[in-house]
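Nothing in this text is a laboratory measurement; each read-out follows from the coordinates by a stated rule. The model shown is predicted, which means the values in this text are computed figures rather than measured ones. So basically every Cβ, Gly included, is an ideal-geometry build from the backbone, and we count neighbours across all protein chains shown.
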Amino acid sequence: MVYQRRIQLSTQHPTSTVYVLGTELSLDVCGSAPKDAVAFHVQGTPGVKLYVVHETKSVKLPSSVARWPLAAGTEVLLVMDALSKDVGDEKVRISYFAEAGGVPVGRAMLFLTCVEVSLDADTSRSGTVSRTLLDKAEWLWGPNGHGPILLVNCDRDDPKAETPDNRDTVIRSYADLQDMSQMVLQTRGPRTIFSSYHLLLHVDFGDADKVGVFYGGNSITLEEYKHVLGGSKLSYAVKPSRHQEESIFYVEALAFPDIGFSGLVAFHVTLLESAEKGLLETPIFTDTVVFRVAPWIMTPSTAAPLEVFICSVDGNEDFVAAVGALAEKAKCSLTVCPLLENRQDRWIQDEVEFGYVQAPHKTFPVVFDSPRDGGLKDFPFKSILGPDFGYVARQAPHGTSSLDSFGNLEVSPPVTVRGKEYPLGRILIGSSFPRFGGRRMANAVKAFLYSQKVQAPVELYSDWLRVGHVDEFLSFVPAPDRKGFRLLLASPNACYQLLKEKQEEGFGEAAMFEGLEGMPKLTINEILANEDLRKYNNYAQRCISWNRDKLKRALGLAEPDILDIPQLFGSAADTDADAGAEAFFPDMVNMLVLGKHLGIPKPFGPLVGGQCCLEERVRALLEPLGLTCTFIDDFFSYHINAGEVHCGTNVRRKPFAFKWWHMVP
């Protein structure tokens, strides 16, 4: 819709105004008419296009029409398409006539100065700022959408700084500027006009604490860049340069979308007309551009690995070496968090989740710090946050539970569900549903995840487990067919079926936990004869089956998309039925996925023909998909502490090739 402004005229004295390129002026011909006038004639200089709105029809003014009747509602519309060279160099004259007279009974003169005032950004999402005919005040999703994007400037480009860049109001480096989006104010026309008309850049009150704007004027030195907008600064008076028609502002987001913040931020530039002494300036034109803050995006285990993180603690040297060897095979780097920094906290999967932010001009990883705050609580901020590596955290003011750890936070690969596309997958979190009164993820974390919009979360039932994490019963591995992946689910039924097969083949006396000192060597016969264990696993299977059905609906999966991994569970405390379930032997779905290389907890299952029958079954399920299975001994270093390989590792992965703004949430 064209920006239109009403102009009041006078037959007593000439009127002067600024015309802003691309707008429309409505001249109030009736309001300025002398009392006895019944008709008018309007004439403009060559740079002015005039239209008469008469009897609800807009008519381009023909030169043959000398007079128009002064009927109620009659107005003259005015547009210009060329900038003025001098102040007041275009004119419009309106002559008023009485009914019988041929001589005007009054004249109104309007002097016009055409200028350009435009606030622009990367509305087309090409990576550069350009002028556009698109509606800058509307932000649209989708491949044909438009609207510029802001990154939360949550990295720390200056290693000497004590806080992330979004917590200060200074520019410390050119790298800091590169994280920001440009916003360009175009001002063209006679420069002297801006002594009478002023420009104000401003942001809505409710958005001011979500953004920061910096301006360096004509300088290219960092010292000249000043914080001009955001926080307590709601507006900034712009003084157009005599020699430059563009003023370039750099904009950063300070906060991610969350409760009470949709992620949309509007900036405005308003042209103000100077008033007489003692009166306020009058706004005559406003241009608006709306940005969306880029969401934090998780990457699924099927994405290409870039960097593996692991903790070095007392007694896990062999585990670190095994994971390092696997990372080398997968051609990704290994980062070891030393004991001094982890303080004997080995559960790096629970402490952080790696994701990223993306705009057309920049992409960088962002670590999400969980509210669990174990021995690793300082590691993400002190050691991961850095140049082009961002940081975000959420706290749980009412206390945390195990479900706030990020082993309870996963994301599926891309899926299509009943025609609805989720090109960035769907976040999976565990909860107490359907049993009320149990543990749940903190509202602050859940609200943050839901507010990102692009990976619509799915809540599963994980509170039946002692630790309560979704990674204890599911994982995803890449596959060459179908949807490009398989969902792996822990399956007591599949385990009992396997053990029954081996018993019928005559291997009932084959025992578990061979080679593990101090562990009872349970035979297949003993496991199958244990009715209490069978009942407990029937319960565990029902819990997993409930999640299976929900995952099929939420991710659009069919049975061939799911593989059942043999697994048994036991009660965490024999005397407490509410203690929750834990893995009876190392939980094989709790694996490290590095492309086609899988690091799977070694289950120490019954040996049949010198081979672990559990390992052989898993190989038979996964190797036809082109995957390589490496079984890692985590029994005493992780398993007996209620965790496995996945719990003790973390992976930064390659971002999606798909651009999040092309989707429709």
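Tabulated values for the structure
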| quantity | calculated |
| --- | --- |
| For the range 367-379, 3J(HN,Hα) per residue [Karplus equation, 6.51 cos²θ - 1.76 cosθ + 1.60, θ = phi - 60°, Hz, x = Gly/Pro] | 8, 9, 8, 6, x, 5, 6, x, x, 8, 4, 8, 4 |
| Tail fraction, Cα-Cα pairs, the range 140-188, threshold 16 Å, whole percent | 52 percent |
| Percentage of interatomic Cα-Cα distances in the range 297-658 larger than 41 Å | 7 percent |
| Mean ellipticity per residue at 222 nm, deg cm²/dmol - from DSSP H runs of n ≥ 4 across the chain, formula -39500 (n - 2.57) | -4000 deg cm²/dmol |
| Burial ranking of peptide ranges 281-294, 322-335 (average Cβ count within 10 Å, highest at the top) | 281-294, 322-335 |
| Length released on extending from Glu559 to Asp378, taking residue separation times 0.36 nm less the Cα-Cα span | 60.9 nm |
| Fully extended contour minus Cα-Cα distance, from Glu246 to Asp578, at 0.36 nm per residue | 112.8 nm |
| Rounded Å value of the spacing that divides the Cα centres of the range 177-196 and the range 406-485 | 46 Å |
| Additional length obtainable on full extension of the chain from Asn641 to Asp81, 0.36 nm per residue less Cα span | 194.1 nm |
| Residues Val411, Val2, sorted so that the one with the fewest Cβ neighbours within 10 Å comes first | Val2, Val411 |
| Nearest-20 debye value, the chain charge dipole, Cβ charges on Lys, Arg, Asp, Glu | 2520 debye |
| The range 4-116: translational diffusion in µm²/s, Stokes-Einstein, Kirkwood Rh over Cα pairs, 10 °C, 1.306 mPa s | 112 µm²/s |
| Label-point gap, in nm, between Leu334 and Leu516 - each point 7 angstrom along Cα→Cβ | 2.3 nm |
| Calculated over the range 379-474: convex hull of Cα atoms, volume per residue (Å³) | 132 Å³ |
| Label-point separation, His398 to His227 (7 Å along Cα→Cβ), nm | 3.3 nm |
| Counting all C-alpha pairs of the range 58-177, share separated by more than 22 Å (%) | 67 percent |
| Calculated log₁₀ intensity ratio I(q)/I(0) where the Debye formula runs over C-alpha points of the chain, q = 0.09, 0.10 Å⁻¹ | -0.81, -0.92 |
| Footprinting exposure proxy for Glu353, Glu307 (fewest neighbouring C-beta atoms within 10 Å first) | Glu307, Glu353 |
| Two-site FRET efficiency, Ser126 against Ser26, from Cβ-Cβ distance with R₀ of 51 Å, rounded to 0.05 | 0.90 |
| Residues Gln497 and Glu116, FRET efficiency given R0 of 51 Å [Cβ-Cβ distance, rounded to 0.05] | 0.10 |
| Largest-first ellipsoid semi-axes for the range 581-634, taking √(5λ) over the Cα gyration tensor eigenvalues, angstrom | 18, 15, 9 |
| The range 325-402 - Rg over Rh from alpha carbon coordinates, Kirkwood radius | 1.01 |
| Under 5 Å, built H, 5+ apart or other chain: amide partners of Val458 | Ile427, Leu428, Ile429 |
| Separation of alpha-carbon centers, the range 303-320 and the range 1-47, rounded to whole Å | 75 Å |
| Bins of 5 Å, starting at 0 and running to the largest distance - Cα pair percent for the range 238-359 | 2, 7, 11, 12, 10, 9, 9, 8, 7, 5, 6, 5, 4, 3, 1, 1, 0 |
| Pairwise centroid distance, computed over Cα atoms, of the range 611-630 with the range 246-295, Å | 58 Å |
| Protection proxy ranking, peptides 381-391, 100-110, average beta carbon neighbours within 10 Å, highest first | 381-391, 100-110 |
| Radius 13 Å from Cβ of Ala82, net charge of other residues (Lys, Arg +1; Asp, Glu -1) | -2 |
